[in-house]
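Here's the structure, in structure tokens; my notes come after.
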Amino acid sequence: MRPNLTPETEPAAGQAVTPEIEAQVRQTIGAELRRAFLPEFAPGENLDLAIRTVRNIYIRLVERGHASDYWRPEAPPDAAPPLWAAVAKAVDWLDTKNGTGDHETAMRLMKLTEEAGEVMQAYIGTQGQNPRKGRTHTRADVAAELCDVILTAATALHQFADNPAETLDHHAERVGQRIDKIKEQ
């Protein structure tokens, strides 16, 4: 019998992820996200962890829409990449609600540190480092937290660059050139 992986279901206690269940999870999420990152589950990982992962993705889809919309063929050719479109919305919202002074700049930089802490919390959860809790997170959770760090950093970058996307691209290009030089040695 195939489990119902909808967000409203509760798994049987301790039920393991089987290859069939993993295939169903991938099909369910893949149908929604197309090219987005899909979670990977370790053999024998608890089914409740898989269902929590599906719930988290389902909630993100409902609240935020499809991250893959930018990649769809019908997307307008001048559409901003999803990173910068989301960041522009965040900056506009934060500027409107919180202002743009030195205090707000400091808050946005502190938020970056908080998000980095959440990455480590998720990674510790993938390792089952807390024996009382066991494995509480998946690789997909770590990936999502890393994405939050990137979005938060891009939001803070607006406080320090007139054209943050161009600034990031230029910096990435310089880093790539340094790597090329190192590899040549």
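Quick notes on this structure:
- Taking the criterion of being farther than 16 Å from E115 by Cβ and either assigned to a helix (DSSP H, G or I) or under 22 Å from the mean Cα position of the chain (by Cα) (or both), the residues of the stretch 133-143 that qualify are R135, T136, T138, R139, A140.
- Selected residue (only one of I182, I150 is in contact (Cβ under 8 Å) with a residue 60 or more places away in the chain and open to solvent by 60 Å² or more (accessible area, probe 1.4 Å)): I150
Per-residue answers, yes or no, for (1) part of a helix (DSSP H, G or I); (2) touching a strand residue (DSSP E or B) at 6+ places or on another chain (Cβ under 7 Å); (3) touching a residue at least 12 places away in the same chain (Cβ under 8 Å):
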| position | (1), (2), (3) |
| --- | --- |
| A88 | yes, no, no |
| D92 | yes, no, no |
| L112 | yes, no, yes |
| G117 | yes, no, no |
| P131 | no, no, no |
| T155 | yes, no, yes |
| A165 | yes, no, yes |
| R174 | yes, no, no |
| Q177 | yes, no, no |
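- Options P81, P77, P131, P164; residue that is within 24 Å of R52 (Cα to Cα) and modelled with pLDDT under 95: P131
The values are calculated or read from the model by the stated rules, or taken from the named source; none is laboratory data. Computed from a prediction, not measured in an experiment: that's the story for all the values here. No Cβ is skipped: glycine too gets one built from the backbone with ideal geometry, and neighbour counts run over all protein chains shown. Each accessible area value is taken on the protein alone, full model and side chains, heavy atoms only, with ligands, DNA and RNA left out. Shrake-Rupley method; radii C 1.70, N 1.55, O 1.52, S 1.80 Å.
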